[in-house]
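Worksheet for the structure shown next.
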Amino acid sequence: MSLFQNAAFSISANNMSDLPPPNGVEIAFAGRSNAGKSSALNTLANHNRLAYVSKQPGRTQLINFFCLNPERGNDQFLVDLPGYGYAKVPESIRKHWQSVLSSYLTERSSLVGLVLVMDSRRPLTPLDIQMLDWFCHSGKPVHVLLTKSDKLSRNEGKQTLFRTRAALIKGWGENVTVQLFSSLKKEGVAETEKMIGGWLFPVQSNEIGSDSTKQDD
Ligand SMILES: Nc1nc2c(ncn2[C@@H]2O[C@H](COP(=O)(O)OP(=O)(O)OP(=O)(O)O)[C@@H](O)[C@H]2O)c(=O)[nH]1
Ligand SMILES: [Mg+2]
């Protein structure tokens, strides 16, 4: 069963002061407006309308928390962040979100990893680079989803993945990983799930790793 199968909306926040106490672990989805963050969340959860998706950029206007296992208690969350970089957003709102995003990414103690969503046709925009600079200081991992890969040919996809990976490693080191992803075609889901699962259950993954080492011996 998918790790995210039982995900359910939990709470929305408009400010750092509205956030729930940092008691559990959370993984945030950040990216430009319209890059496909909410769609990726829905695809991972196998749920069409968990997070709000729209053709119009700038639809996710709050920090939305989705609890992974509501029945077991609120201890693991996926967090859908408002998109950045949409030119039509009024300056005051843009400034507000810039400040909330930078505080959230740099100060949130329960945040264990960042999924940075980029449109595969326009990866690594200046604001994506800003996010990486803010977050990578924490030493926590980032996984980049190059979304809408269905819009690229197989060869273009390969090239984009290769180039983006090289740029990420050069700029921010091995703590940043990257893959192609399509919500439309449901491609790349298992790879993302494996990565996020490793962040949510690090001890378990290490144990699996050491078990397999034993088997090799
Ligand atoms: N072809 C294609 N379209 C996609 C894919 N993912 C998302 N879209 C479309 O892109 C548009 C934006 O998707 P959202 O998931 O709402 O994007 P978002 O990043 O959450 O946007 P904001 O909430 O505005 O920040 C919608 O029209 C989606 O249907 C994909 O993998 N392939
Ligand atoms: Mg959204």
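Would you work out which of Val25, His137, Pro123 lies farthest towards the positive end of the dipole of segment 8-216? Charges go on Cβ: Lys and Arg +1, Asp and Glu -1.
Going by the Cα projections, it comes out as Pro123.
Stokes-Einstein D for the chain at 20 °C, 1.002 mPa s, Kirkwood Rh over Cα pairs, in µm²/s?
D = 121 µm²/s.
Using a 1.4 Å probe on the protein chains only, how many percent of the accessible area of segment 1-77 belongs to carbon and sulfur?
44
Which loop trypsin sites (Lys or Arg not before Pro) in segment 10-86, with loop taken from DSSP, have no more than 13 other Cβ atoms within 10 angstrom of their Cβ?
Arg49, Lys55
Can you list residues whose amide H is under 5 Å from Leu111's amide H, if they're 5+ apart or on another chain and H is modeled 1.01 Å from N?
Here the answer is Glu26, since their amide H atoms fall under 5 Å of that of Leu111.
Just want to confirm a number: the relative contact order over segment 77-185, from Cα pairs under 8 angstrom separated by 6+ residues, in percent.
Rounded, it is 26 percent for segment 77-185.
Two decimals is fine: what's Rg over Rh for segment 1-98, C-alpha atoms, Kirkwood radius as Rh?
0.98
Over the chain, average the accessible area per residue using a 1.4 Å probe and give it in Å², no decimals.
Per-residue value: 53 Å².
Could you let me know the centre-to-centre spacing of segment 20-49 and segment 60-97, using Cα atoms, in angstrom?
8
If we sort 20-29, 145-154, 89-98 on the protection proxy, mean other Cβ atoms within 10 Å, highest first, what's the order?
Details: 20-29: 17.6, 145-154: 19.6, 89-98: 12.9.
With the highest mean Cβ count within 10 Å placed first, the list reads 145-154, 20-29, 89-98.
Can you tell me, using C-alpha contacts under 8 Å and at least 6 residues apart, the relative contact order of segment 61-128 as a whole percent?
Details: 41 pairs, mean separation 14.3, N = 68.
Normalised by residue count, the contact order of segment 61-128 is 21 percent.
Note down the relative contact order for the chain as a percent, whole number, built from C-alpha pairs under 8 angstrom at least six residues apart. Numbers along the way, then the final one.
Working: 364 pairs, mean separation 45.4, N = 217.
Here the relative contact order equals 21 percent.
The values are calculated or read from the model by the stated rules, or taken from the named source; none is laboratory data. Computed from a predicted model, the values in this text were never measured in an experiment. Here the Cβ is made from the backbone with ideal geometry for all residues, glycine too, and neighbour counts use every protein chain on show. The accessibility values were calculated without ligands, DNA or RNA, using every heavy atom of the protein model including side chains. Shrake-Rupley method; radii C 1.70, N 1.55, O 1.52, S 1.80 Å.
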